[in-house]
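> Input: one structure, supplied below.
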Amino acid sequence: MSAAIAARIARRELRGGLKGFRIFLACIALGVAAIAAVGSVRVAISEGLTREGAAILGGDAEMQFTYRFATEEERAWMAATALEVSEIVDFRSMAVVDRGDVVERGLTQVKGVDSLYPLYGTVTLDPAIPLEEALATRDLPGAVMQQVLMDRMGLSPGDTFRLGTQEFELRAALVTEPDSAGGGFGLGPRTIVTTEGLNGSGLITTGTLFETGYRMRLPDGAVLDDVKAEAEALFRDNGMRWRDSRNGAPGVARFVDRIGAFLVLVGLAGLAVGGVGVSAAVRAYLDGKMHVIATLKTLGAEGRTIFLVYFFQIGVLTVIGVTLGLMLGAILPLLFAPLIEARLPIPAAFGVHPGPLAEAGLYGVLTALIFTLWPLARTEEVRAAALFRDVTGGAKGLPRGIYLIALGVLAAMLIGGAAWLSGIPTLALISAGGIVGALGLLMLSAFLVRRISRRLSRAKAVRGKTALRLALGSVGGPGGEATSVVLSLGLGLTVLAAVGQIDSNLRNSIANELPEVAPSYFFIDIQNDQLPGFLERAEGDPLVNQVDTAPMLRGIITRINGQPAREVAGDHWTLRGDRGVTYSTAPRDGAIITQGEWWAEDYAGPPVVSFAEEEALELGLTLGDKITVNILGRDITAEIVNFQVIDFSNAGINFIMTLNPAALAGAPHTHIATVYAEEAAEAPLLRDLATSYPNITAVRVRDAIARVADALAGLAAATSYGAAATLVTGFVVLIGAAAAGERARVFEAAVLKTLGAARGRILLSFALRSAILGAAAGIVAIFAGALAGWGVMTFVMEATYRFEPVSAIAIVIGGALATLIAGLSFALRPLSIRPAGILRAQD
Amino acid sequence: MTAPVLTLQDTKLTLDGNAGRVDILHGISLEVPKGETLGLIGPSGSGKSSLLMLMGGLERATGGSIHALGHDLTAMNEDALARFRREHMGIVFQSFHLIPTMTALENVATPLELAGKPDAFERAEEELRAVGLGARMDHYPSQMSGGEQQRVALARAAAPRPEILLADEPTGNLDGATGEAIMDVLFGLRDKHGSTLILVTHSPELAARCDRVVRLRDGRVDADEARRAAE
C-alpha cells in the first residue's frame, strides 16, 4: 500500500523536472558510457578475432615447429587429417640493397610461402596483382614487402634486393597480410617470398633460427578439440605447438583482454568519482526537499513511505542516466570504429554487444544505489520540526543497521562483479581497496581541513584579512561544500595521479634505463665456422667495448619431473612456446648463483641444467627436479643443479636454461652475439659483418627498443583515454559541487555587499576557498596516487617504481586550477545580483 | 466538564544549538478540552511555536508528558507519531508548506491517500470547494496567491476531519484583509467539523476570537484566560 502511494507521490515530485539532477545524470551517464564503450570495443575485437580466426591464423589449425620442417610422419598425419596443408617459414633476416657505393640494410621478418598461401583471407598488394604473380620466379624469384621497409631502403617495384645470398625482384608493396596478427611481435616489417625462392639464400639451414607453420584446412564437421588432442598426443613431445582458429592471435587476444580489463577498472574508478557527485547531487536535492519531507511527515507519512518516495525518484533518474550512458557507450565505438580499426592489426566486429552494455549497466545501477542509499536513508530521520526551525534533519552518525547491511551487500556485489567480470580479480580487488582507501583518506583530509580552517578563521593572525577569514570560515563552517569538493576532486585527481605515475614510470623505464646498459646490436644466426671471423672483426674494433657470444638453440619445456609441464605449472610464460637454450662449461662473468653449484668443466655425466631463479620459483621448481626440453625434436631430460639470477632488463644475452655442453653435443646450433660499441662504430661494423656473413641478422637494439616503446606508448595512450573519462567525470562533479554551493554564495555575497564588501574582496574570498579545497584534495591525491602507482608498478608490471614529481605536481596544480575555475565561474552570478532581491526573498 | 483532548504535564523542551543547550520550555502544564479554541500568544522567542510542535508530536519533549486523545505522545516513535497525526490531527503553518510539485487538489488529497482513503480525491475536491477554491484545483502553489495557498493548506489540514487542528500563525504571512478571510475559513472549518483548534498568533483580533488564551513568556505560562465558554 505504502509503495503505491509512494510511487504516486514520487511521480508528482518528478514534475519539478530534472533541473537538480543534471549533475547526477551526467555522472552516471559518463561513467556508464566509458565502461560500456571500453567493453564494447573489447568485445568487438574478441568477436573479430573469433570470426576471422581462420584468416588470422592462416588456417583452421596450425602446427608449428622451431628450427625445423615437419618430419615425414608429421606430414603424413597432416595430409591424412586435412583437406589442404599450406607450409610457411618465418624468420628474421636482413634485406640488403647493393647500389655499389651505398649498401642499404634493413631488418625484416621474412615469410616463405607455398602456392596454397593464404588458405584463408586475401593478401592485398599495390599494384593490385595476384600474389602468385608477384612471387613467381622469372629471372629472379619475386617478393613483396611492406611499404615502410621499401621507403627506408629506397625500393620500388621492379628493383632488386638480397636476402642472405639470394637476389629477389620486388614486385609490389604488401598492403594487407591476413595472418599478420597471429605471429606475435615482429621486430621488422614483413617481406613475403616463396620458400622455394629461399633455397639459394643460405638462410634456412640446420641450426639457424626459423619457424615453420603448417596451416590446415580441415573437413567440415572436424572437431577441433579432437584433432588437437590427437596431434598433441602424437607430436607434442617432438616440440610441436598447436594453434587453431578459436584462438588465432593469442597474443593480441591476451593483450586486448588485459588492457580492456584495466580500462574497465579505470572506468570503475571514474564511476566512483561520479558516485561522489551522485551522492552530492542527491544530498543537495534532498536538502532542498527538507520541507516537503517534513510536510509529508506532518501529514502522516511514515519513514518507509518517505524513503520509498525518494528511492523511486532516484531509481527513475538512475534508469535515465544508465540508459543515456549505455546509448552513448554503444554509439561512440560505432562512430569511432574506422579510427580504432585503423590502429588495430586485426579486423574488429563493431556492433551493439549486449554483454558489455549489461556489465556497464550493472555497474551504473550498483554505483547509483551505493552512493544514494546513505543520503536516502537519512530522509527517514528528517523530523517534521524542520518546518518550524532551520534544522538539517539532525543527520549525524550512521543510518539504520538495515541500510548499512544493504550498503555492504551492494558494495560486495559491485566489487565482486568487477573482480569476476574483469577477469583480473586481484587487480580489481586491489583497485577497489585503493578506491575505498582513497575515499577514507579524503574524508579524513576533508575533516582536518574543516577543523583547521575553523580554528584559523578565529585566529588573531587573520583578523583584518577579511577575504581569507571569510574563506576559512566558509570552508570550516557548517553546511559547506568542503567534504563533497575534497572527495570528488580528490578521488578524480588520485586516479589521474596514479595513471600519471604509472605512465611516467613506464616511459622512463624504457627511455632512460634500458639504453644505458643495452648493447648496440644483437647478431643472430652466426654459424659455428663464422664465429672466429666474427669475433676477430668485432673485438678488433677499438670503438667496440664489449662482445658477448653464446651458443643458441631453442627448445620447449615439455615435462617437469616426468609430468606434462602445463599440468605442473599451468600457463606460465616459459611454457607457452619455445625458449632460448644455451650450454656452457662455466657460469658467465658476473653470474650470481643463488643455490647449488656449477658443474665441473669436464663434466660428462647425465644432463644437468642451470635454471633462472625467479622463473624457477614461479614454476615451483627446486634443486634436483628434472625438466625435459624438446630441442629439434629430441627430448633432453636434465637435472636442475643450480639457480642463477637472470636480469632480462639489461637487454644482454640471457637464457633461462643453461645446460652442460655434453648434453647438447652434436645438436646443430648457431651463436648469438651482443656487441657494445660507440655509436660511431655501429654503421661500419654492421657493413663489414653483413658483407662478410650475409646470413647473419643484426638487430639494432635502439630500433627494437623503439618498437617496444611504440607498443607501450599505445598502452599509455589507452590508459590516458580512460583517465580522460575520469577527469571529465571529476570536472562534472566539481561543477556540480560549485553549482550546489551557488545558492549559498548568492546569499553570502548579498549580505557581504550589504555590509560594505567590494566585489573584488568577495571574489578573492571565493577564490581562496577554492584554492584551499583544491590543495587539500591535491595533497591526498599525490600521496594516494603515488601509492597506487607503486602498487601497480611493483605487483602488476613487476618493475621498479620511482616517484615522478613533475607529473604529480602538474596534476595537483591542474586540480587546484579546475576547482578555482569552477568555483569562480559560479561566483560571477552571485556577485552581479543586487542584494535587495536576494535578502527580501530570504525573509 | 468535557474530557481533555490534550494534556501537558510539566512539559519541558531543551534544544542543542550551535551556541550550546537552550531551554525553550520550562515545565508547561495545560489541559485542552474537546472542542475548545485555544490561542497561544506571547512575544517572539517565548516558546509558542515550540509548544505547538510538542502538541503535534513534531518535536519530542525533553521532560514531562503530553497526552493527546489518551495517547502518550512522548512514548511514541516517529512513525507512530506520523500515524497518529494522519488519523487525528491537522496542522497549518505560517509559510503554508504546500508541496510545490503537486496541484492544489493533490496537496489536499495526499493526507487522505496516506490514510488509505479510497475516495481521497473526491473528498479533496469537496474540501477545496468548501474553502472557495473549486476553480483552482489544478493549479500549482506557484500559480496561486498567498491567501489562496493558505486556503489550500487549511483544506489539506481539515480534509481528514481531524479531532485536533493546530495552526502556527496562519495569517502571519498574509495582509490584513486576506488574513481575516483565512480566519473565517479556519473557524468555519472548526465549527463544521467540531475540531479542537489550537493556534499560535500575534494578532490580538485573532486571539479575541478564541475561547481561551494562554500567554507565554520565557517558556512559561504567564497567563491563562478564558474569553468565552467552550461550546
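> Does A:R559 fit the bill of being in contact with a helix residue (DSSP H, G or I) (Cβ under 6 Å, 6 or more places away or on another chain), part of a strand (DSSP E or B) and either surrounded by 14 or more Cβ atoms within 10 Å (Cβ to Cβ) or small (G, A, S) (or both)?
Numbers: in contact with a helix residue (DSSP H, G or I) (Cβ under 6 Å, 6 or more places away or on another chain): yes; part of a strand (DSSP E or B): yes; either surrounded by 14 or more Cβ atoms within 10 Å (Cβ to Cβ) or small (G, A, S) (or both): yes.
Yes: the conditions hold for A:R559.
> Continuing with this model, one more query. Between a first residue in segment A:340-351 that is assigned by TED's automatic domain parsing to the domain that holds A:V38 and surrounded by fewer than 20 Cβ atoms within 10 Å (Cβ to Cβ) and a second residue that is among the β-branched types (V, I, T) and modelled with pLDDT of 70 or more, which pairs have beta carbons less than 7 Å apart while being 6 or more apart in sequence or on different chains?
A:I340/A:V41; A:L344/A:I45
> Oh, and also: Take the residues of segment A:88-119 that are in a strand (DSSP E or B) and of a type in the set (S, T, Y): which is nearest to A:V148 (Cα to Cα)?
Among those residues, the one meeting the criterion is A:T108.
> Let me ask something else. Please indicate, with yes or no, whether at least one residue in segment A:400-417 is modelled with pLDDT under 85, within 14 Å of chain B (Cβ to nearest Cβ), within 29 Å of A:A767 (Cβ to Cβ) and surrounded by fewer than 23 Cβ atoms within 10 Å (Cβ to Cβ).
no
> Taking the criterion of being more than 30 Å from A:A550 (Cα to Cα), outside the structural domain of A:I23 (by TED's automatic domain parsing), at pLDDT below 80 and of a type in the set (S, T, N, Q), would at least one residue in segment A:189-210 satisfy it?
no
> Hey, another quick one. For segment B:146-158, check the following and say yes or no: at least one residue is touching an Asp or Glu at 6+ places or on another chain (Cβ under 8 Å) and among the β-branched types (V, I, T).
no
> For B:G176, state whether it is surrounded by fewer than 16 Cβ atoms within 10 Å (Cβ to Cβ), within 13 Å of chain A (Cβ to nearest Cβ) and modelled with pLDDT under 85. I'd like the intermediate steps shown before the answer.
Details: surrounded by fewer than 16 Cβ atoms within 10 Å (Cβ to Cβ): yes; within 13 Å of chain A (Cβ to nearest Cβ): no; modelled with pLDDT under 85: yes.
No: the conditions fail for B:G176.
> Restricting attention to helices (runs of 4 or more DSSP H) lying wholly within segment A:1-87, give those where 3 or more residues are more than 14 Å from chain B (Cβ to nearest Cβ) and modelled with pLDDT of 85 or more.
It comes to A:22-51, A:72-81.
> Still on this model: When you go through A:A432, A:A406, A:A419, A:A428 one by one, which is the residue that is under 31 Å from the mean Cα position of the chain (by Cα), assigned by TED's automatic domain parsing to the domain that holds A:P375 and either in a helix (DSSP H, G or I) or touching a residue at least 12 places away in the same chain (Cβ under 8 Å) (or both)? Lay out the reasoning, then the answer.
Values: A:A432 fails: assigned by TED's automatic domain parsing to the domain that holds A:P375; A:A406 fails: under 31 Å from the mean Cα position of the chain (by Cα); A:A428 fails: assigned by TED's automatic domain parsing to the domain that holds A:P375.
Just one listed residue meets the conditions, A:A419.
> Within segment A:603-623, work out how many residues are without any contact (Cβ under 8 Å) to a residue 60 or more places away in the chain, under 34 Å from the mean Cα position of the chain (by Cα) and assigned to a loop (DSSP other than H, G, I, E, B). Let's see the steps before the verdict.
Residues of segment A:603-623 that are without any contact (Cβ under 8 Å) to a residue 60 or more places away in the chain, as a first pass: A:603-620, A:622-623.
Filter once more, keeping what is under 34 Å from the mean Cα position of the chain (by Cα): A:610-620, A:622.
Of the ones still in play, those that are also assigned to a loop (DSSP other than H, G, I, E, B) are A:620, A:622.
Looking only at that region, the number is 2.
> Now a separate question. Somewhere in segment B:152-167, is a residue surrounded by 24 or more Cβ atoms within 10 Å (Cβ to Cβ) and modelled with pLDDT under 85?
no
> Which residue pairs have Cβ atoms closer than 8 Å, lie 6 or more positions apart in sequence or on different chains, and pair a first residue in segment A:120-133 that is touching a residue at least 60 places away in the same chain (Cβ under 8 Å) and closer than 16 Å to A:Q146 by Cβ with a second residue that is surrounded by 14 or more Cβ atoms within 10 Å (Cβ to Cβ) and of a type in the set (D, E, K, R)?
A:V123/A:E177
> Let me ask something else about it. Looking for whichever is in contact with a Ser or Thr (Cβ under 7 Å, 6 or more places away or on another chain) and either within 14 Å of another protein chain (Cβ to nearest Cβ) or modelled with pLDDT of 75 or more (or both) here; the options are A:A233, A:A280, A:A253. Which one fits?
Among A:A233, A:A280, A:A253, only A:A280 is in contact with a Ser or Thr (Cβ under 7 Å, 6 or more places away or on another chain) and either within 14 Å of another protein chain (Cβ to nearest Cβ) or modelled with pLDDT of 75 or more (or both).
> Has segment A:102-112 got any residue that is buried (at least 21 other Cβ atoms within 10 Å of the Cβ), more than 33 Å from the chain's Cα centre (by Cα) and among the basic types (K, R)?
Yes, because at least one residue in segment A:102-112 is buried (at least 21 other Cβ atoms within 10 Å of the Cβ), more than 33 Å from the chain's Cα centre (by Cα) and among the basic types (K, R).
> For residues that are aliphatic (A, V, I, L, M) and within 26 Å of A:Q64 (Cβ to Cβ), scanning just segment A:525-562, find the one that is farthest from the chain's Cα centre (by Cα).
Ranking the qualifying residues of segment A:525-562, first place goes to A:I526.
> If you don't mind, there's one more thing I want to ask. If I go through segment A:58-84 residue by residue, how many of them are within 22 Å of A:I204 (Cβ to Cβ), crowded, with 22+ Cβ neighbours inside 10 Å and of a type outside the set (G, A, S)?
Final tally of qualifying residues: 5.
> Tell me which of these A:L107 doesn't satisfy, since it passes every other one: (1) closer than 18 Å to A:G202 by Cα; (2) modelled with pLDDT of 85 or more.
(2) is the only condition that A:L107 fails.
> Of the residues B:L52, B:L81, only one is more than 7 Å from chain A (Cβ to nearest Cβ), outside any loop (DSSP other than H, G, I, E, B) and in contact with an Asp or Glu (Cβ under 9 Å, 6 or more places away or on another chain); which?
Working: B:L81 fails: in contact with an Asp or Glu (Cβ under 9 Å, 6 or more places away or on another chain).
Just one listed residue meets the conditions, B:L52.
> Let me ask something else. Within segment A:317-324, does at least one residue satisfy the condition of being more than 21 Å from A:A3 (Cα to Cα), modelled with pLDDT under 80 and away from chain B (no Cβ under 14 Å)?
no
> Determine if segment A:283-292 includes at least one residue that is away from chain B (no Cβ under 14 Å) and modelled with pLDDT under 75.
No - not one qualifying residue is present in segment A:283-292.
Results for (1) more than 13 Å from chain A (Cβ to nearest Cβ); (2) crowded, with 18+ Cβ neighbours inside 10 Å, shown as yes or no for each residue.
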residue: B:L15; (1), (2): no, no
residue: B:G27; (1), (2): yes, no
residue: B:R60; (1), (2): no, no
residue: B:N77; (1), (2): no, no
residue: B:E87; (1), (2): no, no
residue: B:I91; (1), (2): no, yes
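> Examine segment B:41-49 for a residue that is more than 9 Å from every other protein chain (Cβ to nearest Cβ), in contact with a strand residue (DSSP E or B) (Cβ under 9 Å, 6 or more places away or on another chain), without any contact (Cβ under 8 Å) to a residue 12 or more places away in the chain and not in a loop (DSSP other than H, G, I, E, B), and state whether such a residue exists.
No, the conditions are met nowhere in segment B:41-49.
> What residue, of B:M102, B:M137, is out of contact with any strand residue (DSSP E or B) (no Cβ under 8 Å at 6 or more places or on another chain) and away from chain A (no Cβ under 11 Å)?
B:M137
> Restricting the search to segment B:16-40, which residues are part of a strand (DSSP E or B), without any contact (Cβ under 8 Å) to a residue 40 or more places away in the chain and not small (G, A, S)?
B:D16, B:R21, B:V22, B:E31
> Moving to a separate point now. Taking interchain pairs and intrachain pairs at least six residues apart, which have beta carbon atoms under 7 angstrom, with the first residue in segment B:62-73 and under 9 Å from B:D10 (Cα atoms) and the second surrounded by 15 or more Cβ atoms within 10 Å (Cβ to Cβ) and among the charged types (D, E, K, R)?
Pairs that qualify, where the first residue is under 9 Å from B:D10 (Cα atoms) and the partner is surrounded by 15 or more Cβ atoms within 10 Å (Cβ to Cβ) and among the charged types (D, E, K, R), are B:G63/B:K12; B:G64/B:K12.
> Among the numbered criteria (1) within 25 Å of the chain's Cα centre (by Cα); (2) modelled with pLDDT under 80, which single criterion is violated by A:V391?
(1)
> Pick out the one residue from B:D138, B:D184 that is closer than 15 Å to B:T103 by Cα, surrounded by fewer than 17 Cβ atoms within 10 Å (Cβ to Cβ) and charged (D, E, K, R). Outline the logic, then answer.
Numbers: B:D184 fails: closer than 15 Å to B:T103 by Cα.
Of B:D138, B:D184, the one residue that is closer than 15 Å to B:T103 by Cα, surrounded by fewer than 17 Cβ atoms within 10 Å (Cβ to Cβ) and charged (D, E, K, R) is B:D138.
The values are calculated or read from the model by the stated rules, or taken from the named source; none is laboratory data. All values derive from a computational prediction rather than experimental measurement. Because the Cβ atoms are built from the backbone with ideal geometry, glycine has one as well, and the counts that use them run over all protein chains shown.
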